[in-house]
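The values are calculated or read from the model by the stated rules, or taken from the named source; none is laboratory data. This structure is a prediction, so every number in the text was calculated from the model and none was measured. Here the Cβ positions follow ideal geometry from the backbone for every residue, glycine too, while neighbour counts run over all protein chains shown. Calculation scope for accessible area: heavy atoms of the full protein, side chains included, ligands and nucleic acids excluded. Shrake-Rupley method; radii C 1.70, N 1.55, O 1.52, S 1.80 Å.
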Amino acid sequence: MAVFDDTEWSFVKGAFETVDRDYGWGIDDFHHNITDGHVVHHLFSTSIPHYNLSAATAALRVGLQKEPASSMLYHKRDSHWFFFEIFQFYSKHWFFLRKDKLHGTPKNM
């Protein structure tokens, strides 16, 4: 993820730092395509309704492919295995804590 200071940042740069995520399993449709149309949502949040996000995202991708330098702006990630990724992350980090591994906690915990 890029970090911009006040002289470099723009609304469009910030919008293109978001990522379209394809969750599959009907999750994208259930969330009104806000997940797989996230970049377009950030670029045109007040002018494109959720039911047009898929078509607008497809048009954006076609438009960016016409300009080779612009094709690097768009990011999409296949997140079909996000349940497993979330479990793996939290099982290694703070979510599943064992009482015997905590330090300085009250006795009644």
Loop-located chymotrypsin sites (Phe, Trp or Tyr not before Pro) in the range 1-88 whose Cβ has at most 12 other Cβ within 10 Å (DSSP)
Phe4, Trp25, Trp81
To the nearest 10 Å², what's Ser45's accessible area with a 1.4 Å probe?
70 Å²
Quotient of Cα Rg and 2.2 N^0.38 Å for the range 1-44, N being how many residues it contains
1.38
Tell me the per residue accessible area of the range 1-52 using a 1.4 Å probe; a whole number in Å² is fine.
68 Å²
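Carbon and sulfur atoms: what percent of the 1.4 Å accessible area of the range 1-52 do they account for? It would help to have the intermediate numbers written out before the result.
Details: 2090 of 3530 Å².
Of all accessible area on the range 1-52, carbon and sulfur atoms account for 59 percent.
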If Lys and Arg each add +1 and Asp and Glu each add -1, what is the summed charge of the other residues whose beta carbon sits under 12 Å from the beta carbon of Ser79?
-3
Using 0.36 nm per residue of separation minus the Cα-Cα distance, give me the extension gain between Glu8 and Met72 in nm, one decimal.
21.3 nm
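Using r as the Cβ-Cβ distance of Phe44 and Glu85, and R0 as 25 Å, what FRET efficiency do you calculate, to the nearest 0.05?
Values: r = 29 Å, r/R0 = 1.15.
Efficiency, rounded to the nearest 0.05: 0.30.
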Which net charge results for the neighbourhood of Gly37, defined as the other residues with beta-carbon distances under 13 angstrom from its beta-carbon, given Lys and Arg at +1 and Asp and Glu at -1?
-2
